[in-house]
Amino acid sequence: MPKIVGIDLGTTLSEIAVMEGGAAKVLENREGARTTPSVVAVSKNGEILVGIQARRQQITNPQNTIFQVKRLIGRRYTDAEVQRDKKLLPYEIKEAEDGGVEVKMGEKWYKPLEISAMVLRKLKQDAEEKLGEKITEAIITVPAYFDDSQRKATKSAGEIAGFEVKRVLNEPTAAALAYGLDKQKNERIIVYDFGGGTFDISILEVSKDTIEVKGTGGDTHLGGEDFDQKVMDWIIAEFQKDQGIDLSKDPLALQRLKETAEKAKVELSTALETEINLPFITSDASGPRHLLYKLTRAQLEGLVREYIDRSLELVKQTLKEANVTPQDINEVVLVGGQTRMPAMQEAVKQLFNKEPNKSLNPDEVVAMGAAIQAGILQGDVRDVLLLDVTPLSLGIETLGGVNTVLIQKNTTIPTAKSQVFSTAADNQTSVEVHVVQGERPMAEGNKSLGRFVLEGIAPAPRGVPQVEVSFDIDANGILSVTAKDKATGKSQSIRIEGSTGLSKEEVERLKKEAELHEEEDKKKHEFIETRNNADTLLYTAEKTFKDMAEKIPADMKKEVEDKVEALKKVKDSGTMEAVKEAVEQLSQALQKIGSQLYQQGEQKGGESSEQDKSQG
Amino acid sequence: MSRFYNSMDEEKFKKELEELKKEKDEYLAGWQRARADFINYKKEEMERIGGLIEYSQAGFLLKLLPLLDTVEYAERIIPPDMKEDKNVQGFLQIGNQLREFLKSQGVQELKAEQEKFNPEFHEAVGEVEGEKQGTVEEVVEKGYLLRGKLLRPAKVKVIK
């Protein structure tokens, strides 16, 4: 079945997304970008260009490059908005015979919806190329404040582009869908959408099966680009102050500044300080001039504070018009790249006293929501076979009480994992398998699910027997643990029901406990490992002594024996540092013996020693 | 009587067998589908990872280009007599190191000057007077290809 796509047809940028493997995914265009500029042009040689290519030639061809046509779609020529935007847009706009708007591109007059259709057609073709299949159906989003005529025009644009438009969806509704907020009942959601050039506020009410728009507001001429301009103005003013040169008169410098200003703004969303560094920005009679400033996050916030404050004023006004108070709002959703700015997030959080939904990419959340709506229409959700996951890690207790995890938490079941273990002592003939569940690194902090003993292991030095422990969880969450001695084939197993059937509270409690004890557990774990290391080293020392008794010089023997005694003394009662120190001492003494034995071997070995060396 | 019951049983078993067969087929199909899905997913994932590596390399190289731009601005701006200075020469030689490095990574400079303006590879940042209309007169910032694909368009001035 061909896929239904979701399209965010934006004022400056557009995106297309599709459901894949149960999740919404934004598709890249032919140029490899996830966003396509909503720009169309007729080039000087009569070719129609769409997207980034149209934008690249805009400056040489401003009269024939149509951008921000969303401001005009479905409107009447006499609308106040059209009259205002007409003054700001460089292309020709006239009244159509039916009272609508027409724009001139090349020698022809086009309806705005025809321009949008060209953008949609490019999105369609690029997506088809990417997916390797035909696309015929789409959901297209529009601002919540779009009236019937604007919606109809958007739908027609989709149809001209070759889509069957299954639905025209509100952008804020799409954003809410992307966050799964449609499942809540009787909730009020505010969507704060601060895009590149427009700022939209929408208040939504979710009731049974419907999402209703309760109010809209905003400013169609306020956006992230205003922030970039502020940063640029600041740099120009600073440079004028320091160097007495007006960079705004230097087109080449301006070009470099523009990109740098945006980059600085973006960086300050994650960093507290950024460097604006443009060597050789310009030159005059006295030689080249370099630009180097530090801009802090606080400074940036000072520069754009007025815009943030203004956006909050607009939010309050919209709430008031909808007869809603900030306390009535259950969820806040942030949309648009500019909402990555921490000061903006904080301001919104303060107003509603609520953590906003911001985990999804704010540039893509609308397209993703549209794709999710498409998935719902297509019944993708119904076909999915629901598979459970293990809520907590499953493991066994190993030497020193360590929890060795075999199946990590959040692993999809059914699943199986196995690992080979060995004995901790010489001539050990049985092993105990203690199955535990939880995130603590030490077995004792976790939930014990059961234990059993595998007997009849053939006597052997420690570390030699191979016991394979297998965990198998079936689709019903029943866990079988089997231990098998690889030498004798003897095995023993246990069946544990309901290993995934913990109550939500229990899972939460175990997770929280793991978090709470993280530090102390880590230390304990490290201590045990140090002790285990000490054990191994002691074992090695004793074995070396036994095997090589005659070859070791007496003084060295004495030294090692002392160190062994010292380690034994602190191993079980001393601090971790003391054990570590003793381990270090002993291992150095052993190394001395090692190199002594090696030298002896070399003296005897003759030619082959060269080879040995290169291997070591 | 017993016969009657037997045939009833037979009917019942037959029906049950039918159902079980149907169920078995369904499960087998589901299992095969799941295996196939998984294998296909692995293949797609490998492709995706390959693409991702290429993409992240392109992203890294793209971030490196402004360094070379700056060196080239300097090359343009420093007066010829100053370029005789050994210290200046040394610094400008860093540009060659960068160019060599980029070349070794598969980055290739785009020819733009005196070419016909083409928005697939060029981004217009201004217009100038001149004779051949629609021709690139000046490259303000060089464009680059990465293994034949556009990495960054050239910023150019075009003849009006």
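Taken over the stretch A:110-158, the criterion of being of a type outside the set (Gly, Ala, Ser) and more than 26 Å from A:Thr198 (Cα to Cα) is satisfied by A:Gln125, A:Asp126, A:Glu128, A:Glu129, A:Lys130, A:Leu131, A:Glu133, A:Lys134, A:Ile135, A:Thr136, A:Glu137.
Inside the stretch B:52-66, can you point out the residues that are free of Cβ contacts under 8 Å to residues at least 40 places away in the same chain and either facing another protein chain (nearest Cβ under 10 Å) or of a type outside the set (S, T, N, Q) (or both)?
First, the residues of the stretch B:52-66 that are free of Cβ contacts under 8 Å to residues at least 40 places away in the same chain: B:52-56, B:59-60, B:63-64, B:66.
Of everything in the stretch B:52-66, those that are free of Cβ contacts under 8 Å to residues at least 40 places away in the same chain and either facing another protein chain (nearest Cβ under 10 Å) or of a type outside the set (S, T, N, Q) (or both) turn out to be B:Leu52, B:Ile53, B:Glu54, B:Tyr55, B:Gly59, B:Phe60, B:Lys63, B:Leu64, B:Pro66.
Checked against (1) over 19 Å from A:Leu254 (Cα atoms); (2) touching a Ser or Thr at 6+ places or on another chain (Cβ under 7 Å); (3) among the β-branched types (Val, Ile, Thr), B:Val107 passes all but a single condition, namely (2). Counting the residues of the stretch A:52-88 that are away from chain B (no Cβ under 14 Å), within 39 Å of the chain's Cα centre (by Cα) and in a helix (DSSP H, G or I) gives 6. Among the residues that make up the stretch A:170-183, is at least one of them surrounded by 24 or more Cβ atoms within 10 Å (Cβ to Cβ) and part of a strand (DSSP E or B)? Within the stretch A:170-183, one or more residues are surrounded by 24 or more Cβ atoms within 10 Å (Cβ to Cβ) and part of a strand (DSSP E or B).
Quick one: would you say B:Ile49 is within 12 Å of another protein chain (Cβ to nearest Cβ) and either aliphatic (A, V, I, L, M) or under 30 Å from A:Val42 (Cα atoms) (or both)? Spelling it out, it is not the case that B:Ile49 is within 12 Å of another protein chain (Cβ to nearest Cβ) and either aliphatic (A, V, I, L, M) or under 30 Å from A:Val42 (Cα atoms) (or both).
Being more than 21 Å from A:Asp363 (Cα to Cα) and either in contact with a Gly (Cβ under 7 Å, 6 or more places away or on another chain) or away from chain B (no Cβ under 14 Å) (or both) is a property that does not hold for A:Leu49.
Condition check: under 23 Å from A:Leu27 (Cα atoms), in a helix (DSSP H, G or I), aliphatic (A, V, I, L, M) and in contact with a strand residue (DSSP E or B) (Cβ under 9 Å, 6 or more places away or on another chain). Does B:Ala58 satisfy that? Quick ask: steps written out before the conclusion?
Values: under 23 Å from A:Leu27 (Cα atoms): yes; in a helix (DSSP H, G or I): yes; aliphatic (A, V, I, L, M): yes; in contact with a strand residue (DSSP E or B) (Cβ under 9 Å, 6 or more places away or on another chain): yes.
When the stated conditions are applied, B:Ala58 passes them.
Looking at B:Asp37, B:Asp81, B:Asp69, B:Asp85, which is the one that is within 11 Å of another protein chain (Cβ to nearest Cβ) and farther than 29 Å from B:Leu145 by Cβ?
B:Asp37
Identify the residue in the stretch A:1-26 that is within 13 Å of chain B (Cβ to nearest Cβ) and assigned to a loop (DSSP other than H, G, I, E, B) and, among all such residues, is farthest from A:Val142 (Cα to Cα). In this case the residue turns out to be A:Gly21. When the stretch A:522-555 is filtered for residues that are surrounded by 15 or more Cβ atoms within 10 Å (Cβ to Cβ), at pLDDT 80 or above and under 24 Å from A:Gln600 (Cα atoms), the ones remaining, listed by number, are A:Leu537, A:Leu538, A:Tyr539, A:Ala541. Might you let me know whether the stretch A:226-237 holds any residue that is under 25 Å from A:Ala371 (Cα atoms) and in a helix (DSSP H, G or I)? Checked against the condition, which is being under 25 Å from A:Ala371 (Cα atoms) and in a helix (DSSP H, G or I), the stretch A:226-237 yields no hits at all. Among the conditions (1) more than 10 Å from chain A (Cβ to nearest Cβ); (2) in contact with a Gly (Cβ under 8 Å, 6 or more places away or on another chain); (3) among the basic types (Lys, Arg), B:Lys116 misses just one, which is (1).
Counting only strands (runs of 3 or more DSSP E) that fall entirely inside the stretch A:428-487 and contain at least 2 residues that are of a type in the set (Val, Ile, Thr) and either outside the structural domain of A:Thr404 (by TED's automatic domain parsing) or under 19 Å from A:Gly401 (Cα atoms) (or both), the qualifying elements are A:431-437, A:467-473.
Considering (1) in contact (Cβ under 8 Å) with a residue 40 or more places away in the chain; (2) over 23 Å from A:Glu47 (Cα atoms); (3) of a type outside the set (Gly, Ala, Ser), the lone condition that B:Ile77 does not fulfil carries the number (1). Scanning the stretch A:373-415 for residues that are polar (S, T, N, Q) and at pLDDT 80 or above yields A:Gln373, A:Gln378, A:Ser393, A:Thr398, A:Asn403, A:Thr404, A:Gln408, A:Thr415.
Suppose we filter A:Pro279, A:Pro288 for residues that are surrounded by fewer than 20 Cβ atoms within 10 Å (Cβ to Cβ), touching a Phe, Trp or Tyr at 6+ places or on another chain (Cβ under 6 Å) and over 21 Å from A:Leu334 (Cβ atoms); which single one remains? Working first, answer last.
Working: A:Pro279 fails: touching a Phe, Trp or Tyr at 6+ places or on another chain (Cβ under 6 Å).
Answer to the selection: A:Pro288.
Taking first residues from the stretch A:275-292 that are at the interface with another protein chain (Cβ under 8 Å from one of its Cβ atoms) and partners that are of a type in the set (Ser, Thr, Tyr) and surrounded by 15 or more Cβ atoms within 10 Å (Cβ to Cβ), the Cβ contacts under 7 Å between residues at least 6 apart in sequence or on separate chains come to A:Leu278/A:Thr260; A:Pro279/B:Thr70; A:Phe280/B:Thr70; A:Phe280/B:Tyr73. In the set (1) of a type in the set (D, E, K, R); (2) out of contact with any helix residue (DSSP H, G or I) (no Cβ under 6 Å at 6 or more places or on another chain); (3) surrounded by 13 or more Cβ atoms within 10 Å (Cβ to Cβ), the condition left unmet by A:Glu559 is number (2).
In the stretch A:497-504, is there at least one residue being at pLDDT 90 or above and surrounded by 15 or more Cβ atoms within 10 Å (Cβ to Cβ)? No, every residue in the stretch A:497-504 fails to be at pLDDT 90 or above and surrounded by 15 or more Cβ atoms within 10 Å (Cβ to Cβ). On the basis of being within 13 Å of another protein chain (Cβ to nearest Cβ), of a type outside the set (Gly, Ala, Ser) and within 21 Å of A:Pro251 (Cβ to Cβ), does B:Val136 make the cut? So B:Val136 passes the test. Scanning the stretch A:66-90 for residues that are free of Cβ contacts under 8 Å to residues at least 40 places away in the same chain and either among the β-branched types (Val, Ile, Thr) or outside the structural domain of A:Ile48 (by TED's automatic domain parsing) (or both) yields A:Thr78, A:Val82.
The stretch A:288-385 holds helices (runs of 4 or more DSSP H) entirely within its bounds, and those carrying 3 or more residues that are of a type in the set (D, E, K, R) map to A:297-321, A:380-383. Among the residues making up the stretch B:101-124, a single one is of a type outside the set (A, V, I, L, M, F, W, C), in a loop (DSSP other than H, G, I, E, B) and surrounded by 18 or more Cβ atoms within 10 Å (Cβ to Cβ): B:Pro119.
Within the stretch A:36-46, the set of residues being farther than 15 Å from A:Ile16 by Cβ and more than 8 Å from every other protein chain (Cβ to nearest Cβ) comprises A:Val39, A:Val40, A:Ala41, A:Val42, A:Gly46.
Please go through the stretch A:57-78 and give me each residue that is buried (at least 18 other Cβ atoms within 10 Å of the Cβ) and either of a type in the set (Asp, Glu) or more than 17 Å from A:Thr11 (Cα to Cα) (or both), ordered by number. The answer is A:Gln57, A:Thr60, A:Asn61, A:Asn64.
The values are calculated or read from the model by the stated rules, or taken from the named source; none is laboratory data. Bear in mind the structure is a predicted one, so any value in this text is a computation, not a measurement. Using ideal geometry, Cβ is built from the backbone for each residue, glycine included, and neighbour counts are taken over all protein chains shown.
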